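*Asks:* Starting off with a structure, shown below.
We did not get these values from a lab; they are worked out from the coordinates using the rules stated. What you see is a predicted model, and the numbers here were worked out from it, not measured in a lab. Cβ placement follows ideal geometry from the backbone for every residue including glycine, while neighbour counts extend to all protein chains displayed.
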Amino acid sequence: MKLQWAGILLGASVGGVNGMAKYMHEAMRGERISGYGKSDNPSWLPEFKDESRPYQGHRIPRTEWTLTCSSSAPGFPCKNAIDGKSTTAWRSDSSDKGHTFIVDLGAWYQVGAVVVLPPTDTDTEGLITQHKIWVSEDHEKWTGPVAYGMWPSVNRQRMSAFEPSSTRYLRITTDADKENPWVGIAELNIYGTLYTIPRDPALGAWGPTLDFPIVPVSGAQEGSGMLALWSSWADDQFHSTPGGKTVMTRWDPLTGDVSKRTVSETHHDMFCPGISYDGTGMMVVTGGNDASETSLYDSVNDEWIRATEMKLRRGYQASTTLSDGRVFVIGGSWAGASNVDKDAEVYDPATRNWTMLPEAKVSAMLTEDMEGPWRADNHGWLFGWKDLSVFQAGPSKQMNWYSARDNGSVKAAGYRMQDEDSMSGNAIMFDAVKGKILTLGGSPDYDKSWATDAAHVITIGEPGTPPKVEPAGRGGAMLYDRVFHTTVVLPDGKVAIFGGQKFGVAFNEENVHFIPEIYDPETNTFNKLQQNNVVRVYHTVSILLPDARVLNAGGGLCGNCTANHYDGQIFTPPYLLTASGQRRPRPEILSGLPDRTLVGSTLRFKTSGPISTASLIRLGTNTHTVNTDQRRIPLDVTATTFFGNTWKTTLPKDSGILIPGYWMLFVMDRDGVPSIAKIMMIGVDNRKTIQAAQDPLGMIEEENDVEAPIFPLLEGKVAIITGAAQGMGKATASVFLRAGAKVVIADVKAEHGAQVAEEFSALGEVCFLKTDISKSEDVQSLIKQTVSVFGRLDGAINNAAMSPDQNLLIDF
Ligand SMILES: [Cu+2]
């Protein structure tokens, strides 16, 4: 009881005296909920037999509620939604404007969930699918949506769970829907909590909740800027698969739109797959429930393509992309027989075919799982590295170097100090330039096994050489023992860790962690982040979004069970928030970054203000604690000479560090606030890649036409281009800059010339010199100044429109 009051008082301190009064009020209400006051006694109560119930939620009694609905069909009034009978319902009229349903709870509660039973006497008519939930203390200022998205289009109870906040009014809005011009509610219940979670923006913030029509067990940030998430053949289960299809949802962060589709064109139940972006930007999804299939996803064109089957049938394998853009896959005895060694094979995007690597033996990386071979080769911690190598950092206590050269090979790489087998732990390359990998938690056995808090930093160097292993954090430990947790590297190099449990049991929701933690490599410490209120354990995913927030989603997929989570929550890391919880102003990448570029390129770009650093993070693909795509490359940026806020950075030349595929480039200001990322396809050569991504969040101004990159032929050269204030001269200057040259724009038109130089400053080093090239002293001065500014002169293009009055051009 004491603890509970401490929580309430902490919460109160955030809201000040006024807040305090409210929270005390709620606390008393809370007592009333516990049975001291009157409450309704409905003949129907919500059942949580196929979804997770609101965590420690109390059904708020409905006797003092007042309802307002935007319309009611005759005979179906609002009040039917809370009359305790599932056989009567509120029904709206048919409207193409959408519908609104508002509940006045009559008092303040800490509200954290709403549960809706659709009309039971109709099939799919009247179902609320697209929805938004808003909350308010006073009916004036509405917060939200605290949850939004799409509920499944099947006739059963639906729920939105969100972070508890002080609420008296709750509003559900639905968009107009051609298929369901009217909506209905047979029973509506709202859940409160008897505790508050203190808000501290210095620890980050949770919300909103995204409601999905499926349980998201796998997911990927797309090159298109959207997010793809999927479950299995059904939205709530993977067993008894008929095979051949997968249900998916897609979230568009720009519009907030959540959509659903069934992918059957690749004949593949993509539950428990390996996922990797290949070197052309294609998402390669392998095996799982349909254990030999390969599906390709071109997210930019939203196209699923069937590829050749793998040589071996696999489920729970891991895959990783190699330095040449091919995909290496190993393990996966969960599906397709466990009496066969699931040695490595490699997928080539050029041929869309698989080749076995018979000497890249899986036997080197087996754990000693108590359940035997079908668990022992699951969920490898794989890192594609230099020269077609793969470093396998776990989960087996033995680490290994694999190679995809010739028939493949494997070589032992030592141990993570005293670490045990760490199944369903996490490993993440947070600094690829230095070869640094953080490993976190896991458990010796896949199921019914105690988690560890063990944390290590592994530094890898040349392939085949022994890595350095050091303890991470105080005593080499996280703050909590975790298994089935998920991990995301942030643009600033810190690593955020979400959820998981202390004793790992699939589809069990006990011993869970609500407090995420963050690893800071600078200080080598783990610190707490803001607590949430939704259980995220087995079958959850976390993905870094291009806006530098994180989606933490899913859990369950166990059919009629109480561990299904049809949702995800967005976590805003502390770097985006002020002390009072407002959004900090963030730097913007204005122009200059191409949609496509090559490993080793020099990039020049313009930002809205000063920046201190930049980083690349590869688009993440995550399922079952595995995200081999995610890795971070810190970038050095230098200011270019003449104009403010234009920058230059050079990408690593080694495609074992900068694995080809989709990357997000973030810039950070002096306070460490990250920009929205520019998504770029970074290739190893000019081989065909997927069409360039669009700016995912529409925040980046397309100032320069973005074309295929020009190979830096003129790197280091200095050129004068005359008459470059417009037309052909201007175009020539642009080409020279993009080819790496430093350019002097010479023109008699001072204003135009200066404008062009400013406009092109994002492309490279450029300056304007006013010159009348019909005067020889001007030309001499132009050359002198060029050499004094750039130190050399390699060439000049005389493009100036010389149409002298008296002489024919030939006379010059
Ligand atoms: Cu699973």
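*Asks:* Could you let me know the centre-to-centre spacing of the stretch 543-606 and the stretch 464-536, using Cα atoms, in angstrom?
*Replies:* 18
*Asks:* Work out, step by step, the length gained on full extension between ARG584 and SER788: first 0.36 nm times the residue separation, then minus their alpha carbon distance; give nm to one decimal.
*Replies:* Values: separation 204, 0.36 × 204 = 73.44 nm, distance 4.18 nm.
Result: 69.3 nm gained on full extension.
*Asks:* May I ask you to evaluate 6.51 cos²θ - 1.76 cosθ + 1.60, the Karplus curve with θ = phi - 60°, for each residue of the stretch 64-80 and list the ³J(HN,Hα) values in order in whole Hz, giving x for glycine and proline?
*Replies:* Working through the residues one at a time gives 9, 7, 10, 10, 10, 10, 5, 6, 9, 6, x, x, 10, x, 3, 5, 4 Hz.
*Asks:* Now, a different point. Within the stretch 526-567, find all residues whose amide N lies under 20 Å from a label point positioned 7 Å from the Cα of THR255 along Cα-to-beta-carbon.
*Replies:* In the stretch 526-567, the label zone of THR255 (backbone N under 20 Å from the point 7 Å along Cα→Cβ) covers 546-547.
*Asks:* Run the paramagnetic zone check for HIS267: 7 angstrom along Cα to Cβ, then residues of the stretch 277-310 with backbone nitrogen under 15 Å.
*Replies:* 287, 290-296, 305-310
*Asks:* For the chain, with the dipole built from +1 on Lys and Arg beta-carbon atoms and -1 on Asp and Glu ones, taken about the Cα centre, which of ALA455, ALA548, THR124 lies farthest toward the positive end?
*Replies:* ALA455
*Asks:* From the C-alpha gyration tensor of the stretch 448-556, pull out the three semi-axes of the equivalent ellipsoid (sqrt of 5λ each), sorted largest to smallest, in whole Å.
*Replies:* Values: eigenvalues 116, 61, 38 Å².
Taking √(5λ) for each Cα gyration eigenvalue gives 24, 17, 14 Å.
*Asks:* While we're looking at this one, here's another question. Quote the charge dipole size of the chain about the Cα centre in Debye, to the nearest 20; the model charges only the Cβ of Lys and Arg (+1) and of Asp and Glu (-1). Don't jump to the answer; show the numbers that get you there.
*Replies:* Details: 74 positive and 94 negative charges, 257 e Å.
Value, rounded to 20: 1240 debye.
*Asks:* With the Cα gyration tensor of the stretch 394-477 giving a ≥ b ≥ c as the square roots of its eigenvalues, does the rule (a/c under 1.5 for rounded; else a/b larger than b/c for prolate; else oblate) give rounded, prolate or oblate? Let's see the in-between values first.
*Replies:* On the way: a/c = 2.21, a/b = 1.37, b/c = 1.62.
Verdict is oblate for the stretch 394-477.
*Asks:* While we're looking at this one, here's another question. Compute the angle between helix 2-31 and the longest alpha-carbon principal axis of the chain, please, reported from 0 to 90 degrees and rounded to the nearest 10.
*Replies:* 40
*Asks:* Another question, then. Using the structure shown, list the pairs from LYS502/LYS528; LYS311/LYS397; LYS49/LYS448 with a Cα-Cα distance above 18 Å, or answer none.
*Replies:* Values: LYS502/LYS528 16 Å; LYS311/LYS397 28 Å; LYS49/LYS448 22 Å.
LYS311/LYS397; LYS49/LYS448, as the Cα separations exceed 18 Å there.
*Asks:* Against the longest principal axis of the chain, how steep is helix 776-790, in degrees 0 to 90 to the nearest 10, with axes from Cα atoms?
*Replies:* 50
*Asks:* I've got another one for you. Under unit Cβ charges (Lys, Arg +1; Asp, Glu -1), what dipole magnitude, rounded to 20 debye, does the stretch 718-797 have relative to its Cα centre? Can you show the working numbers first?
*Replies:* On the way: 8 positive and 9 negative charges, 33 e Å.
With Lys and Arg at +1 and Asp and Glu at -1, about 160 debye.
*Asks:* Over all directions, how big on average is the projection of the convex hull of the alpha-carbon atoms in the chain, in square nanometres?
*Replies:* 39.2
*Asks:* For LYS85, give me every one of the aspartates and glutamates with a C-alpha distance below 13 angstrom, ignoring sequence neighbours fewer than eight places off in its own chain.
*Replies:* ASP40, ASP121, GLU187
*Asks:* List the extent of the Cα atoms of the stretch 29-196 along each of their three principal axes, largest first, rounded to whole Å.
*Replies:* 43, 34, 30
*Asks:* If the reach is capped at under 18 angstrom between alpha carbons, list the lysines near LYS606, excluding any in the same chain fewer than eight residues apart.
*Replies:* LYS648, LYS678, LYS742
*Asks:* What order do you get for 253-262, 267-276, 339-348 when each peptide is scored by the mean count of other beta carbon atoms within 10 Å, highest first?
*Replies:* Values: 253-262: 15.0, 267-276: 27.8, 339-348: 20.7.
Packing proxy ranking, top to bottom: 267-276, 339-348, 253-262.
*Asks:* Here's something else I'd like to know. At what distance in angstrom do the alpha carbon centres of the stretch 269-333 and the stretch 33-109 lie from each other?
*Replies:* When both Cα centres are located, 45 Å separates them.
*Asks:* Suppose R0 equals 51 Å. What FRET efficiency, 1/(1 + (r/R0)^6) with r the Cβ-Cβ distance, do ASP175 and MET728 give to the nearest 0.05? Before the final figure, lay out each step's value.
*Replies:* Values: r = 51 Å, r/R0 = 1.00.
E(calc), rounded to 0.05, equals 0.50.
*Asks:* Same structure again: Starting at the first residue of the stretch 743-754, write each ³J(HN,Hα) from the Karplus equation 6.51 cos²θ - 1.76 cosθ + 1.60 with θ = phi - 60°, in whole Hz, x for Gly and Pro.
*Replies:* 10, 9, 8, 10, 7, 7, 7, 4, 5, 4, x, 5
*Asks:* If you don't mind, another one. Just how many % of Cα pairs in the stretch 718-797 lie over 21 Å apart, if you round to the nearest whole percent? Could you put the intermediate results ahead of the total?
*Replies:* On the way: 445 of 3160 pairs.
That fraction is 14 percent.
*Asks:* Separate question: Please sort 376-383, 446-453 by packing, taking for each peptide the average over its residues of neighbouring beta carbons within 10 angstrom, highest first. Walk me through the intermediate numbers first.
*Replies:* Working: 376-383: 27.6, 446-453: 19.5.
Taking the mean over residues of other Cβ atoms within 10 Å, the ranking is 376-383, 446-453.
*Asks:* Provide Rg and Dmax in Å for the stretch 740-784, with only Cα atoms included in the calculation.
*Replies:* Using the Cα atoms of the stretch 740-784, the pair Rg, Dmax is 10.8, 31 Å.
*Asks:* Restricting to the stretch 718-797, compute how many DSSP beta bridges are antiparallel as a %, nearest 5.
*Replies:* Counting DSSP beta bridges with both partners in the stretch 718-797, the antiparallel share is about 0 percent.
*Asks:* Next question. In Å, what Rg and Dmax follow from the Cα atoms of the stretch 68-119?
*Replies:* 12.2, 34
*Asks:* Just to confirm the number: angle between the C-alpha axis of helix 727-738 and the first principal axis of the chain, 0 to 90 degrees, nearest 10?
*Replies:* 70
*Asks:* Which trypsin sites (Lys or Arg not before Pro) does the stretch 48-99 hold that lie in a coil by DSSP with at most 10 other beta carbons within 10 Å?
*Replies:* Details: sites: LYS49, ARG59, ARG62, LYS79, LYS85, ARG91, LYS97; in loops: LYS49, ARG62, LYS85, LYS97.
Answer by residue number: LYS97.
*Asks:* Ignoring everything except DSSP H segments at least 4 long, calculate the 222 nm mean residue ellipticity for the chain; use -39,500 (n - 2.57) per segment, divide by total residues, nearest 500. Could you put the intermediate results ahead of the total?
*Replies:* Details: 5 runs with 72 residues, N = 812.
Per the formula, -3000 deg cm²/dmol.
*Asks:* Assuming a ≥ b ≥ c are the square roots of the Cα gyration tensor eigenvalues, decide whether the stretch 515-614 counts as rounded (a/c under 1.5), prolate (otherwise, with a/b larger than b/c) or oblate. Let's see the in-between values first.
*Replies:* Working: a/c = 2.31, a/b = 1.70, b/c = 1.36.
Because a/c hits 1.5 or more and a/b exceeds b/c, the stretch 515-614 counts as prolate.
*Asks:* Given a Förster radius of 45 Å and the C-beta distance between MET417 and LYS141 as r, what FRET efficiency does 1/(1 + (r/R0)^6) yield to the nearest 0.05?
*Replies:* Details: r = 53 Å, r/R0 = 1.19.
The calculated FRET efficiency here is 0.25.
*Asks:* Hey, can you rank 295-308, 102-115 by average C-beta count inside 10 Å, highest first? Walk me through the intermediate numbers first.
*Replies:* Working: 295-308: 18.0, 102-115: 22.0.
Ranked from most to least packed, the peptides come out as 102-115, 295-308.
*Asks:* Sticking with this one: So between ASP341 and THR100, what do we pick up on full extension, going 0.36 nm a residue minus the alpha carbon distance?
*Replies:* Numbers: separation 241, 0.36 × 241 = 86.76 nm, distance 5.76 nm.
Taking 0.36 nm per residue and subtracting the Cα distance, the gain is 81.0 nm.
*Asks:* Something else about it: Suppose the Debye formula is applied to equal point scatterers at every Cα of the stretch 589-687; what is log10 I(q)/I(0) at q = 0.10, 0.18 Å⁻¹?
*Replies:* Taking Cα atoms of the stretch 589-687 as identical point scatterers yields -0.27, -0.82.
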